[in-house]
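The values are calculated or read from the model by the stated rules, or taken from the named source; none is laboratory data. Predicted, not measured: the structure shown is a model, and the values here were computed from it. Quick reminder, even Gly has a Cβ in these numbers, built from the backbone with ideal geometry, and neighbours come from all protein chains shown. Only protein heavy atoms, including side chains, enter the accessible area calculation; ligands, DNA and RNA are left aside. Shrake-Rupley method; radii C 1.70, N 1.55, O 1.52, S 1.80 Å.
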Amino acid sequence: MRNIFLICILFTLGKSLKASSLKTISNDEKKIDSAGIINALYKGFKVVPSLNGSAFNYKYTYTAKSKAIKVFCTKKIGNINIAYNIELKDTKGIFNKNSFFIGDDYRYVNSFFMLDGVKLSLGKVHALNIGEDFLRQFSNVWSGDKSSPFIKLYSTGKRKIFLIKGINPFCNGHNCSSYVVYILQKEGKMCSVHPLYFDGTNHPYDFNNLKLFYSPDDANLSILVPKGSGSVKSKADVNVFKIYLNDIGLK
């Protein structure tokens, strides 16, 4: 009887170890598949290395008379100062400095970037890859995983190109994945800003593995942009957008 009991235990343990082993292999295969997809996306392109940085720091001011709230988000990367400023208004009269949270309790007024002292307004800037105007709200550039990049700097010739991730600020538990990639450029005294929209469903292609590159026989940098929602599995699922200083568009 005891021997039978021992056999049962060993059999159960063996099945458990086998299942655990299969599970590990499955997870590893998923990682390998993701890496393989990303590598295939950039195959044949000359990828440009980037200097990566974490999320912005921020502070705010409040003016009681006008009920204006001004948020100043700042970051320095590659010896260049970048600021993202947000203007809100306390129309409900609920501001409390001890419990202030940047959310939809305050009316959004305006937002803009400052790139090395040059103001880049977002008031007349529209999406390059989506019909609706998703810039009717501000972006969150200050909170996120410190181990993941929130900003990427590319240097090519005299031009500096910054990719900045701005996540959806109104996360309600069901709408947390979408984000904007702001493409800021500086060449001499010329600066520009162009936004791209990502709905966050394009795994494994996301901001972490988003890169700029040169196509063969092409002197302009390019970026891959998903054609729509859903996983990116091959080059057939993305468009190649060419990056000019004053414009970004399909090749």
| message | Through the Karplus equation 6.51 cos²θ - 1.76 cosθ + 1.60, θ set to phi - 60°, convert the phi angles of the range 143-155 into ³J(HN,Hα) values in whole Hz; use x for Gly and Pro. | response | 10, x, 5, 5, 7, 10, x, 10, 8, 10, 10, 10, 10
| message | List the residues, sorted by chain then number, that are 5 or more residues from Tyr205 or on another chain and whose placed amide H is less than 5 Å from its amide H. | response | Val232
| message | Not counting ligands, DNA or RNA, and with a 1.4 Å probe, what is Lys70's accessible surface area in Å² rounded to the nearest 10? | response | 90
| remark: Out of Leu221, Ala236, Gly200 - ranked by how far each Cα lies towards the positive end of the dipole of the range 200-239, with unit charges on the beta-carbon of charged residues - the top one is Gly200
| task | Quick one: which residues, 5 or more positions from Ser54 or on another chain, have an amide H under 5 Å from its amide H? H modelled 1.01 Å from N in the peptide plane, none for Pro or chain starts. | result | Phe150
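If you add up the charges near Tyr42, with Lys and Arg at +1 and Asp and Glu at -1, over every other residue whose beta carbon is less than 12 angstrom from its beta carbon, what do you get?
Values: positive: Lys43, Lys46, Lys211, Lys235; negative: none.
Here the count lands on +4.
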| task | Based on a Kirkwood Rh over C-alpha pairs, give the Stokes-Einstein translational diffusion coefficient of the range 169-251 at 10 °C and viscosity 1.306 mPa s in µm²/s. | result | 112
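Once you compute Rg and the Kirkwood Rh from C-alpha atoms, what is the Rg to Rh ratio for the range 204-251?
Working: Rg = 11.2 Å, Rh = 11.5 Å.
Checking Rg against Rh, the ratio lands at 0.97.
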| query | Leaving out ligands, DNA and RNA, what percent of the accessible area of the range 168-242 is carbon and sulfur, probe 1.4 Å? | reply | 49
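For the range 173-229, give the magnitude of the charge dipole about the Cα centre (Cβ charges: +1 Lys/Arg, -1 Asp/Glu; no others), in debye to the nearest 20. Display every interim value, and only then the final one.
Numbers: 4 positive and 5 negative charges, 32 e Å.
Around 160 debye, computed over the range 173-229.
Net charge within 15 Å of Asn85 by Cβ-Cβ distance, Lys/Arg positive one each and Asp/Glu negative one each, not counting Asn85 itself? Before the final figure, lay out each step's value.
Working: positive: Lys59, Lys70, Lys75, Lys89, Lys119; negative: Glu87, Asp116.
In short, +3.
Within 10 Å of each candidate Cβ there may be at most 13 other Cβ atoms; applying that plus a DSSP loop requirement, which chymotrypsin sites (Phe, Trp or Tyr not before Pro) in the range 195-248 survive?
Details: sites: Tyr197, Phe198, Tyr205, Phe207, Phe213, Tyr214, Phe241, Tyr244; in loops: Tyr205, Tyr244.
Sparse-neighbourhood loop chymotrypsin sites (Phe, Trp or Tyr not before Pro): Tyr244.
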